[in-house]
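The values are calculated or read from the model by the stated rules, or taken from the named source; none is laboratory data. Please read all numbers here as calculations on a predicted model, not as lab measurements. Here the Cβ positions follow ideal geometry from the backbone for every residue, glycine too, while neighbour counts run over all protein chains shown. Note: accessible area is taken over every heavy atom of the protein model, side chains too, but ligands, DNA and RNA are not part of it. Shrake-Rupley method; radii C 1.70, N 1.55, O 1.52, S 1.80 Å.
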Amino acid sequence: MEVAGEVLHSGSSQELHVLAVDDSYVDRKVIEKLLKTSSCKVTAVESGARALQFLGLDGGKGSLGFNGLKVNLIMTDYSMPGMTGYELLKKIKRSSAFREIPVVIMSSENILTRIDSCLEEGAEEFLVKPVKLSDVKRLTKDCVTRGETEGRDGRRVNKRKLEDDNHSSSSSTSSSPSTTASFGCGLATSELLSSPLHSSKRAKLRDRD
Amino acid sequence: MERNPLRRQLQIMRKSLFDQGYLDEQFVQLEELQDESNPNFVEEVVTLYYRDSARLILNIEQALERKPYNFHKLDAYMHQFKGSSSSIGAKKVKAESTLFREYCKSGNGEGCMRCFQQLKKEYTTLRKKLEAYFQVARQAGPMETACRPK
């Protein structure tokens with residue numbers, strides 16, 4: 001059985017497949033271009049419901065109902081009618097099949113509590129809109145690097161704060177994408193995260209409690 | 001300095017859009033995404049924006065005809081409008097959107113109404129200028145690179 005969300009095997013020159021979720025027509029077009037320019041395959045959908053449908057998580061077929069290409073990264077808008085990006089994030093992180101897929105939240109509003117909640121729920125990063133090409137290039141590069149590192153070391157670090165020990169012990173040695181926060185913070189409020197290192201970010205979140 | 005008169009005109013129009021504050025850095029971001037495989041990318045995005053924003057303006061107009069104002073709804077529409085305006089780099093329009101949202105948040109109906117009139121003016125002006133700009137752009141043919149305004 002394939003581990004859903006499995007990324008590139010090291011040395012592969014395969015393109016990343018990114019699932020972009022945004023209710024704005026304009027923003028979908030832009031993010032699609034940003035991603036294509038960054039050498040990614042893109043599937044752009046207009047809602048969280050559609051995203052779940054695409055992943056096969058809509059309660060229909062279950063976790064094995066994967067449509068076509070594996071998804072290596074999900075970029076979702078925060079404010080969407082129906083299901084917000086935050087709700088979508090939670091659903092993905094609570095799914096055993098897809099929790100490994102890095103999820104990036106995009107929002108035009110730079111609200112600290114919002115950023116915190118998203119990171120707490122396991123978002124890789126919170127980008128303030130409008131998203132720039134440099135953001136996307138950095139994200140996708142990190143995604144590729146991480147995939148290659150994982151392939152080499154067979155290491156997987158679980159990001160969820162409390163359930164860490166339970167889950168990581170059952171990890172396979174497949175090159176699934178790490179959930180390590182190896183991304184740069186990319187936040188507008190730079191004092192929130194002083195360094196992109198996994199441990200300091202986690203420590204920072206813990207300190208808040 | 002461009003020798004080709006059409007390109008020179010285009011450069012002047014473009015510079016003016018930035019100098020007068022109609023457009024911001026985000027527009028340059030879009031220009032940088034334009035290439036041979038997608039030579040009309042910017043115009044395509046802007047065209048999508050016109051459609052999107054025209055619809056939202058209509059929604060807001062209709063919402064402003066119903067008293068008492070539903071500020072929550074007005075704010076929601078404006079949030080969307082602001083978002084797409086921001087995505088194409090429509091600086092003045094974005095600023096008016098922000099102001100409108102402030103009025104919504106403070107429940108200032110009159111402020112909303114006045115602000116919306118101003119917003120529509122800015123939007124119409126921007127649209128006219130961009131339409132003229134792209135018309136020349138199409139005639140002038142592809143420009144080499146997007147350049148940052150000083």
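In the range A:75-128, what trypsin sites (Lys or Arg not before Pro) fall in a loop by DSSP, with at most 11 other Cβ atoms inside 10 Å?
For trypsin sites (Lys or Arg not before Pro) across the range A:75-128 that sit outside H, G, I, E and B with at most 11 neighbouring Cβ atoms in 10 Å, the list is empty.
Kindly provide the GluC sites (Glu not before Pro) of the range B:2-103 that DSSP labels as loop, not H, G, I, E or B, and whose Cβ sees at most 11 other Cβ atoms within 10 Å.
B:Glu36, B:Glu65
Quick one: which residues, 5+ away or cross-chain, put their amide H under 5 Å from the amide H of A:Val42? H built at 1.01 Å from N.
A:Val18
A:Glu120 accessible area, nearest 10 Å², 1.4 Å probe?
70
To the nearest 0.05, what FRET efficiency results for B:Lys129 and B:Asp35 with a Förster distance of 25 Å applied to their C-beta separation?
Calculated transfer efficiency: 0.55.
Over all residues in A:112-120, what is the mean tally of Cβ atoms on other chains that come within 10 Å of each residue's Cβ?
0
As an exercise, identify the trypsin sites (Lys or Arg not before Pro) in the range B:27-82 lying in DSSP coil whose Cβ has no more than 15 other Cβ atoms within 10 Å.
Sites meeting the loop and neighbour criteria: B:Arg66.
Read phi for every residue in the range A:25-39 and hand back ³J(HN,Hα) as whole Hz from Karplus 6.51 cos²θ - 1.76 cosθ + 1.60, θ = phi - 60°, with x for Gly and Pro.
Going residue by residue, I get 4, 4, 5, 5, 4, 5, 5, 4, 5, 4, 6, 5, 5, 8, 6 Hz, with x marking Gly and Pro.
So how tilted is helix B:41-63 from the main axis of chain B? Cα-based, degrees 0 to 90, rounded to 10.
For helix B:41-63, the angle is close to 20 degrees.
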